[in-house]
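What follows is a single structure, written as structure tokens, with notes after it.
The values are calculated or read from the model by the stated rules, or taken from the named source; none is laboratory data. What you are looking at is a predicted structure, and each value in this text was computed from that prediction instead of being measured. Here the Cβ positions follow ideal geometry from the backbone for every residue, glycine too, while neighbour counts run over all protein chains shown.
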Amino acid sequence: MKVLTVLGARPQFIKAAAVSRVLRQYHQEIIVHTGQHYDENMSAVFFQELSIPLPDYNLAVGSGSHGTQTGAMLAEIEQIIIQEQPDWVMVYGDTNSTVAGALAAAKLYVPVVHVEAGLRSFNRRMPEEINRVVTDSISTILACPTITAVTNLKNEGFTNIYSRGDLLDITTRLPAVAPERPLVVNTGDVMYDAILHNLEIARRGQMPLGIQAGDDYILATVHRAENTDIPDNLGGVLRGLAALGRKVVFPLHPRTKKTAARFGLGGLLEPPSLHVIEPVGYLDMLRLMDNAAFIVTDSGGVQKEAFILGKPCITLRDETEWLETVATGWNVLVGLGGRDLIKNYDFKPPKENQSAPYGDGRAGERIAALLDR
């Protein structure tokens with residue numbers, strides 16, 4: 001079977017690595033890189049580190065407004081689907097690349113597998129939320145990372161649900177799948193697969209320049225438009241990080257760097273406690289997270305990675321799609337602009353062992369098995 005995989009952003013490269021390792025044992029895979037993340041440290045380094053086969057197509061779409069970027073991707077992916085004639089199109093997560101790939105496939109009557117389906121923040125002002133909802137509505141297989149995601153889809157009217165949301169048993173016969181009756185299945189979380197596969201590799205490597213494994217530091221990442229593109233919010237986050245009174249390691253996303261300069265906030269990146277570094281690859285980021293005292297972020301993926309690594313997380317948002325991290329007490333929402341950051345930065349997670357809501361580290365196997373059957 002031929003599977004066309006559409007990727008475009010850092011988290012998707014990590015997730016695809018976990019699936020491609022298994023998928024390519026049984027199927028032919030064609031990779032399309034939209035170029036949504038085009039910086040070397042946000043894109044190419046992930047293919048190298050994670051041993052993902054180089055893309056068969058690189059669209060080099062680059063940055064732009066949501067409509068411009070999504071429209072350019074849609075036109076290009078449509079032509080590739082016509083040329084390649086895949087049996088399935090696979091998309092990941094919630095980016096413009098995700099919805100463009102799904103739309104192009106659905107309009108050409110090619111079934112879509114949405115990996116990480118069913119996530120909801122319930123905030124329609126987030127472009128990612130729109131991308132998730134649209135992609136789920138036109139997918140044929142909805143591969144959910146958690147029972148919560150399955151429940152979200154059930155509440156939206158999806159009825160063809162595998163075993164009430166239990167983790168997929170690869171040996172079990174599946175219900176019929178058709179565009180008018182999409183299959184909702186709990187596969188577990190491919191990001192959990194990725195961490196289990198890469199953590200020991202990461203621990204054997206060197207820390208980024210200027211950081212030692214025994215350092216006491218906070219790791220911070222900021223990239224969402226709601227924080228970076230509003231001067232008061234970006235200023236609030238940067239002032240809050242400086243006010244923590246501890247070393248903060250801050251891999252600076254290109255978007256954050258650009259808007260800080262545009263708003264005249266570059267001086268807020270210079271406090272002695274703020275250790276600004278260039279964006280890092282996946283293994284470096286895994287090392288930084290693994291050694292951090294705690295993590296401050298507005299990234300959905302980093303929230304979940306922090307949880308899996310057993311690191312307290314402070315999220316610079318008003319809501320999260322990863323509800324389990326908050327419900328279990330390992331993640332605290334402090335609002336856009338970090339308005340409650342100082343009040344919550346020293347919160348203590350539970351002392352008891354974490355629950356395991358993200359599966360068993362075999363999500364990639366389950367997704368490959370779904371296509372086989």
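Annotations
- Selected residue [more than 17 Å from V177 (Cα to Cα) and in contact (Cβ under 8 Å) with a residue 12 or more places away in the chain] from R124, R132: R132
- Selected residue (criterion: nearest to L336 (Cα to Cα)) from residues of the stretch 207-226 that are modelled with pLDDT of 95 or more and hydrophobic (A, V, I, L, M, F, W, C): V222
- Against the list (1) in a loop (DSSP other than H, G, I, E, B); (2) surrounded by fewer than 21 Cβ atoms within 10 Å (Cβ to Cβ), the condition R317 fails is (2).
- Every residue from the stretch 320-357 that is surrounded by fewer than 16 Cβ atoms within 10 Å (Cβ to Cβ) and assigned to a helix (DSSP H, G or I): A327, I342, K343, N344
- So A9, is it modelled with pLDDT of 90 or more, surrounded by 18 or more Cβ atoms within 10 Å (Cβ to Cβ) and within 16 Å of the chain's Cα centre (by Cα): no
- Residue satisfying condition, being closer than 29 Å to A44 by Cβ and over 27 Å from the mean Cα position of the chain (by Cα), within set G266, G245, G281: G266
- Taking strands (runs of 3 or more DSSP E) as the structural unit, those lying wholly within the stretch 218-280 and holding at least 1 residues that are touching a Gly at 6+ places or on another chain (Cβ under 8 Å) correspond to 274-277.
- Inspection of the stretch 293-302 identifies at least one residue that is touching a Gly at 6+ places or on another chain (Cβ under 9 Å), at pLDDT below 95 and not assigned by TED's automatic domain parsing to the domain that holds G118.
- Residue within the stretch 110-131 that is more than 29 Å from S65 (Cα to Cα) and hydroxyl-bearing (S, T, Y) present: no
- Taken as a whole, the structure leaves S137 outside the set of residues that are surrounded by fewer than 22 Cβ atoms within 10 Å (Cβ to Cβ) and modelled with pLDDT under 95.
- Subset of the stretch 325-372 (residues that are touching a Lys or Arg at 6+ places or on another chain (Cβ under 8 Å), in contact (Cβ under 8 Å) with a residue 60 or more places away in the chain and under 30 Å from L23 (Cα atoms)): Y358, G364
- Considering the conditions (1) under 23 Å from A368 (Cα atoms); (2) touching a Ser or Thr at 6+ places or on another chain (Cβ under 9 Å), V150 is excluded by exactly one of them, (2).
- Residue in the stretch 219-244 that is farthest from R317 (Cα to Cα), counting only those that are among the aliphatic types (A, V, I, L, M) and crowded, with 22+ Cβ neighbours inside 10 Å: L219
- Among the residues of the stretch 294-314, those that are assigned to a helix (DSSP H, G or I) and either among the basic types (K, R) or under 17 Å from H223 (Cα atoms) (or both) comprise G300, G301, V302, Q303, K304, E305, A306.
- Pairs, first closer than 13 Å to L341 by Cα and touching a residue at least 40 places away in the same chain (Cβ under 8 Å) in the stretch 227-244, second aromatic (F, W, Y) and outside any loop (DSSP other than H, G, I, E, B), C-beta under 8 Å, six or more apart: L241/F250
- Of the numbered criteria (1) small (G, A, S); (2) crowded, with 17+ Cβ neighbours inside 10 Å; (3) over 20 Å from I211 (Cα atoms), the one G281 fails is (3).
- Scoring V91 on the criteria (1) surrounded by 18 or more Cβ atoms within 10 Å (Cβ to Cβ); (2) within 30 Å of L199 (Cβ to Cβ); (3) of a type outside the set (S, T, Y); (4) modelled with pLDDT under 95 leaves a single failure, condition (4).
- Residue list for the stretch 180-221, restricted to those being among the small types (G, A, S) and in contact with a helix residue (DSSP H, G or I) (Cβ under 7 Å, 6 or more places away or on another chain): G188, A194, A202, G205, A213, A220
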